[in-house]
């Protein structure tokens, strides 16, 4: 009996300790499964970006849920999707003086640079990012939550509307909420089609907890937000070819919806001849020499 008692006590203690630790782990995994992401704040991360000129963050106000079709949750798959709502990667002529922003998504990777920046292309294919750089408009940075500590594969987005080059690409008044609403409004219009022939449907849920308590004093440019994060689930309904047709004008398509990014103006159309974007080099040179091509 003495041998049984000596063996049983540490065994029971170990079992009890394991049982106490188990629910926390399961709860965290369930959170990612049911919501499609891990909250960055649960593991030392933040819903505000870093590495801005002011030292203040910009809100991560849209999340692509890990419940989306897996092929969308990669850089190439996601950027193919964004072309269905007329966004293209990078900055005009690869010129960007704003630098990379960073984000800590609480996935164990720490603060990492943005995966990419996407700009509304005014329905002119990838070359249309130069129009956005001159005129301003909707743009966003994004990050993948794929570190070993919280590998949900969700995509976190910091969306905003910026002013035109002559105004130094400052964020527009209410630009963070408007950037989110324009992006999400266009994504949830109905069936979307990318230039590569993929078709998508998108559903939305809104989260009011992730940015709860964040004030304008914590945000870049001192612009207040309503605290809403829209969580999108993207489903591929028809496969296509990634990268096909991405340089053509009006290459994406959508139907329905109530929120749209502003359409291309006559001035923007004048920059497009025979399907090729022709930049007004003198205007671009003036913008560069005046320090106006600051892409925030």
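Per-residue packing, averaged as other Cβ atoms within 10 Å, sorts the ranges 52-65, 167-180 into the order 52-65, 167-180, beginning with the highest.
Residue 100 to residue 238: FRET efficiency via 1/(1 + (r/R0)^6), r the Cβ-Cβ distance, R0 51 Å, to the nearest 0.05? Calculated transfer efficiency: 0.90. Ordering 115-124, 211-220 by mean Cβ neighbour count within 10 Å, with the highest value first, yields 115-124, 211-220.
For the range 82-205, just say rounded, prolate or oblate: build the C-alpha gyration tensor, square-root its eigenvalues into a ≥ b ≥ c, call rounded for a/c under 1.5, and beyond that prolate if a/b exceeds b/c, oblate if not. Taking the square roots of the gyration eigenvalues as a ≥ b ≥ c, the range 82-205 is oblate. How far is the Cα center of the range 212-237 from the Cα center of the range 107-133, in Å? Here the two parts' Cα centres lie 18 Å apart. Checking the a/c ratio against 1.5 first, then a/b against b/c, what shape does the Cα gyration tensor give for the range 166-230? Oblate is the answer for the range 166-230, as a/c is 1.5 or above yet b/c matches or exceeds a/b.
Values in this text are rule-based calculations from the coordinates and carry no lab data. If you're wondering where the values come from, they're calculated on a predicted model, not measured in any experiment. FYI the Cβ positions are ideal-geometry reconstructions off the backbone, even for glycines, and counts take in every protein chain you see.
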